[in-house]
Amino acid sequence: MKNHTKILFALLCCLSAIKTTAQNPIIKNIFTADPAPIVHKGILYLYTGHDVATEQDTNYKMADWRVYSTTDMATWKDHGAPLSPSTFSWATGDAYAAQCIERNGKFYWFVSTFHKKDEVSGGGAAIGVAVSDSPTGPFKDAIGKALIINEMTTDMTYAWDDIDPTVFVDDDGQAYMFWGNGSCKWVKLKKNMIEVDGPITTFKPKNYIEGPWVYKRKGIYYLVYASAGTKPEMIEYCTAKNPAGPWTYQGIIQENVPNSFTTHPGIIDYKGKSYFFYHNGSLPTGGSYRRSVCVDYMYYNEDGTIQKIIQTTEGVSKIK
Ligand code: FUB
């Protein structure tokens, strides 16, 4: 190649690299929040909430839960909104944070929403579970009632503390659900994934506010969560040798995000790399109630501790 041809070629390569990697936020046509990834049969599925508040609104308006998928971390397929609070006859209100996991060929989508005032509950936040044979639905209410209602936890004096479920199945087959605003609560689940199995335990990791994400990696249990004082949320974490704890505080992994009071972790290993999903308010007209899901790389040290997340607008590279 002649010199000027080489330069032109190099420029074109740079331009195409910039084009394919400038991807945060990853969903730009609507506002999305509370990301929760899983991998199934080589495909990464991303479950999100959906902010529909106007620019003038001063609280959340969250219409439904949505599903996206990718095999290259750059091209996202939109599977629509296979679940909304109206799927649950007992529910009213918004589609807060949720997580879907697979067990024995079924997909269990644990969601936080709000309970009607009725003979079962005086209202407040509640956790439900929907089930499907496919990661993209259709989903139906798995039990016909809430799994957790406000009356089942009493340590917080307000009614909206039972939000943000995260569920994982340990190597011995025992499933655990963690959740909570203000304090972190956990309970064992039965093998059927739709009944609690034992008492609820409540604890308060350092600086804990909400949005727990619990998983096990290379023998270490991780509890990653949103933290806040008077400032907008950051992401901090603890580790443990047992899901029942004790949990050792490890520090901050993500500082505040642009233009949103909250952020929310969703963590996954996929095709040899570790990914950290979160939300910010960076889309035009975005904000704390009009959030957008982003993804950046996550790196572990040799001892399993997590390096600080570097938030980028470029996002992650397309997997070839
Ligand atoms: O999306 C509504 C709430 O904001 C979630 O439940 C919290 O984790 C925070 O992201």
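Every number here is computed from the coordinates shown, using simple stated rules; none is lab data. From a predicted model like this one, the values you see are computed outputs, not experimental measurements. Reconstructed Cβ throughout: ideal geometry from the backbone, glycine too, with neighbour counts over all protein chains shown.
Conditions tested, residue by residue: (1) more than 16 Å from the ligand (Cβ to nearest atom); (2) more than 21 Å from MET62 (Cα to Cα).
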| site | (1), (2) |
| --- | --- |
| ALA130 | yes, no |
| PRO138 | yes, no |
| ALA146 | no, no |
| GLU151 | yes, yes |
| TYR158 | no, no |
| ASP171 | yes, yes |
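Would you pick out the residues in region 197-223 that are under 15 Å from ALA244 (Cα atoms), assigned to a loop (DSSP other than H, G, I, E, B) and within 16 Å of the ligand (Cβ to nearest atom)? The one that is under 15 Å from ALA244 (Cα atoms), assigned to a loop (DSSP other than H, G, I, E, B) and within 16 Å of the ligand (Cβ to nearest atom): PRO205.
Taken as a whole, region 175-187 holds no residue that is more than 16 Å from the ligand (Cβ to nearest atom), farther than 18 Å from ALA36 by Cα and surrounded by fewer than 18 Cβ atoms within 10 Å (Cβ to Cβ). Restricting ILE235, ILE252, ILE267 to residues that are farther than 25 Å from THR58 by Cβ, aliphatic (A, V, I, L, M) and within 16 Å of the ligand (Cβ to nearest atom) narrows the list to ILE267. Taking each residue of region 84-103 that is closer than 15 Å to TYR47 by Cα and more than 16 Å from the ligand (Cβ to nearest atom) and looking for partners that are of a type in the set (A, V, I, L, M, F, W, C) and in a loop (DSSP other than H, G, I, E, B) with beta-carbon atoms closer than 8 Å, six or more apart or interchain, yields nothing. When ILE194 is tested against (1) assigned to a loop (DSSP other than H, G, I, E, B); (2) touching a Phe, Trp or Tyr at 6+ places or on another chain (Cβ under 6 Å), just one condition goes unmet, and that condition is (2).
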